[in-house]
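Worksheet for the structure shown next.
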Amino acid sequence: MKYPNIKLFRSYWLVLMLLQSLNLFSQNFVIPLYNGLIPYAKNNGTKEEIERKDITVIAKVQIPDIAIFLPSNRMATGQAVIICPGGG
């Protein structure tokens, strides 16, 4: 049985996988803030939300961590930005 658009499907699949791999390489290190259970955490059943537009917005974080994003050598200036959101 021949599929009429198998080449087109394979091309789309390859492009999709390549784009997904870019997200994997943009984040260099992740350091979890807690090992095991988080003290006094309340499980409310919500899931973490990630919205990527001009900037990346992460909301409803359930497992806190420190994420380190390093620029390419060409873009590195020696400056840093530390973002410490509050909780409540």
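The values are calculated or read from the model by the stated rules, or taken from the named source; none is laboratory data. Please read these numbers as outputs of a predicted model, since none were measured by experiment. A quick note on method: Cβ atoms are made from the backbone with ideal geometry, for glycine too, and the neighbour counts reach across all protein chains shown.
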* To do: Could you list all residues from the stretch 56-79 that are at pLDDT 80 or above, farther than 17 Å from Val30 by Cβ and in a loop (DSSP other than H, G, I, E, B)?
  => Lys60, Asn73, Arg74, Met75, Ala76, Thr77, Gly78, Gln79
* **Every residue from the stretch 33-55 that is of a type in the set (D, E, K, R), outside any strand (DSSP E or B) and exposed (fewer than 10 other Cβ atoms within 10 Å of the Cβ)** => Lys42, Lys47, Lys53, Asp54
* To do: Could you list all residues from the stretch 63-88 that are surrounded by 10 or more Cβ atoms within 10 Å (Cβ to Cβ) and more than 14 Å from the chain's Cα centre (by Cα)?
  => Pro71
